[in-house]
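What follows is a short report on a single structure.
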Amino acid sequence: MTSKGFIFMDIDRAQPPTGPKKDPVESLGADMCPAGLPTVTVQMLRDPDTLRRMREAGAVHHVNMGGREPGWILTRHDAAAKALVDPRLRGEPPRAWPSRTGPQEVTDEEDLFFLPDDVHARLRRMISRQLTPRRVAALTARIQREADRLLDAVAPAETVDFIASFARPFPVAVLCELLGVPETGRGHIRDYVYGWIAEGGEATPVTKSAGLAMTEYLESLIARRWTRPGDDLISAMAQADGASRTDVLSAVRLLLIAGHRPVTRLLTDGVAMLLARPGLWRHLDPARVETTVEELLRVVTPTSLSSRYVKADIEIDGVVLPEGGGVHCALGAVNRDPARFRDPDAFDPARPDNPHLAFGLGHKHCLGAALARVEARTAIATLARRFPRMRLARDRQPRPDRPGARRMPVILDPSPTPAP
C-alpha cells in the first residue's frame, strides 16, 4: 500500500523469455494459415502473455485474423495512436457491400461495425449529436436507480452469479433507459442482445427469430416516436433534420450491440480482479472511483481490437502496409506498453498519467465512451458502498442462467459465521 492507495503488481505477468530472441511465429506457437501467416485468435488477443511477446517482437505483425483474412496487427502504443488518427486509414473493408433485398432481411451485426464511410459517418453524426454529455448527465439518476434495482433483487448472503444478476443486465437496462424502451418491450431487447455477449471468447449467435422480433419491435417503437416524441434518444434522433426510419433503426441496433458487451466485460473482469486481491476491495476509495475505473479500463481493456483499412500504401514503424490491407490495433498490448506506462502490469488506481486506448481513438472512437464511464463508476461505487465485504465464491457454483454461460459466483454480503 502506498500513501496514495493500493498498487498490486504482476497482473497476469509472465516471466520474460530466456535465450536468444525467437521469431514471433515460433514464440507464439500460432497455427499457420495456407498463406504462411500465423493465425491470431480471439483468445490470443485476450492473453496478456501472448500480447507481451507480440509487442516485444515488434510493433507491426503480418498475420491472419482468426482464419478469416490477412491483416496487420499493431502492438505498441505509439504506433497504434498514430494509426488510429491517420486519415489514410478508413473504417470499412475493401469489399463489395452485400445488398439487402427482402423486407425481412437484417444487416449482419458485424456489418454494422464496418459500414461504408458515408453510411458510417451519417450514423455516427446522428448518434453523436444527440448522445451529448448533457444527455448522459441527465441519465445519471436513472443509471443509479437501475443499479440499485438489480442489486435489491439479489439475496446478499447467498451465492449468486454476478454476471447473470448484474454485469449483463445492468448495461442493457441502461441502454433501454437511454433509448426510451418501456418495460413491456425490454424482453425483446434482452433476448436479442444477450445472444451477442461473448462467452469464453466466442459470441453466441442470436437466433433469427429473436433478431427479427427485436427489429419489428424497434420499428414499431420508432414509428410511435416519430409522431409522439419523448425525451429519449430514439425521439431525438427521429426529430433530427434528414433522419430516416431506416437510419434510426441502424443507429439503435449499433448502440445495442456495441454498447453492452464492453461494460459487461469491464464489470466482470474488473470486479473479479479487485476481489481476488485481499484487502483491495475493502479499501476501495470512493473518492477515487474515476481513476480506479480508468485503470480498470487500461488493465482489462474490454474491447480487443480497433480496426482500420488502408486507403493507400502507408508506412508504419518502418513497415509498408499495402492498399486494402487491414490494420488492427491490439488494444490489450497497447495498453500495457512499457514505453508508455510505468509498471504496465501493475494495477495503480492512483496512476497520474493514463492515456489508455480502451475506447479507441480518431474517427471511430467509441461513441458511448462517456456513458460507459458513468455506468462503470456508478456500478463500482455502488457495489463498494453497499457490499464492502463482497467476495468471490469459487467453492460454490450457482446454476447458470443459460447453457454454456460463463459464471462468476460471488457472495455480496457474507455473514461472519455462515451457517453450516
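The values are calculated or read from the model by the stated rules, or taken from the named source; none is laboratory data. Every value quoted in this text rests on a predicted model; they were computed, and no experiment measured them. Here the Cβ is made from the backbone with ideal geometry for all residues, glycine too, and neighbour counts use every protein chain on show.
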Of all residues in region 133-189 being in contact (Cβ under 8 Å) with a residue 12 or more places away in the chain, within 28 Å of Leu249 (Cα to Cα) and polar (S, T, N, Q), the one that is surrounded by the fewest Cβ atoms within 10 Å (Cβ to Cβ): Thr140
Do the conditions hold for Val263, that is, is it more than 22 Å from the chain's Cα centre (by Cα) and in a helix (DSSP H, G or I)? no
Selected residue (criterion: nearest to the chain's Cα centre (by Cα)) from residues of region 225-260 that are under 21 Å from Leu212 (Cβ atoms) and of a type in the set (S, T, N, Q): Ser250
Being in contact (Cβ under 8 Å) with a residue 60 or more places away in the chain, out of contact with any Leu (no Cβ under 9 Å at 6 or more places or on another chain) and not acidic (Asp, Glu) narrows Arg228, Arg277 down to just Arg277
Restricting attention to region 271-292, does a residue exist that is assigned to a helix (DSSP H, G or I), crowded, with 21+ Cβ neighbours inside 10 Å and of a type outside the set (S, T, N, Q)? yes
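Conditions tested, residue by residue: (1) closer than 27 Å to Arg407 by Cβ; (2) part of a helix (DSSP H, G or I); (3) modelled with pLDDT under 80; (4) among the aromatic types (Phe, Trp, Tyr).
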{"residue": "Ala173", "(1), (2), (3), (4)": "yes, yes, no, no"}
{"residue": "Thr184", "(1), (2), (3), (4)": "no, yes, no, no"}
{"residue": "Asp191", "(1), (2), (3), (4)": "yes, yes, no, no"}
{"residue": "Val206", "(1), (2), (3), (4)": "yes, no, yes, no"}
{"residue": "Gly211", "(1), (2), (3), (4)": "yes, yes, yes, no"}
{"residue": "Met214", "(1), (2), (3), (4)": "yes, yes, no, no"}
Only one of these conditions is not met by Asp337: (1) modelled with pLDDT of 90 or more; (2) assigned to a helix (DSSP H, G or I); (3) among the charged types (D, E, K, R). Which number is it? (2)
Can you tell me how many residues in region 388-420 are under 13 Å from Pro156 (Cα atoms) and either buried (at least 16 other Cβ atoms within 10 Å of the Cβ) or modelled with pLDDT of 70 or more (or both)? 13
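Residue by residue, here is whether (1) under 12 Å from Leu179 (Cβ atoms); (2) surrounded by fewer than 22 Cβ atoms within 10 Å (Cβ to Cβ) holds:
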site: Gly211; (1), (2): no, yes
site: Glu219; (1), (2): no, yes
site: Asp231; (1), (2): yes, yes
site: Asp241; (1), (2): no, yes
site: Ile257; (1), (2): no, yes
site: Pro262; (1), (2): no, no
Could you please tell me which pairs satisfy a Cβ distance under 9 Å, a separation of 6+ or placement on different chains, a first residue in region 332-356 that is under 18 Å from Asp78 (Cβ atoms) and touching a residue at least 24 places away in the same chain (Cβ under 8 Å), and a second residue that is among the small types (Gly, Ala, Ser) and assigned to a loop (DSSP other than H, G, I, E, B)? Gly332/Ser304; Asn335/Ala358
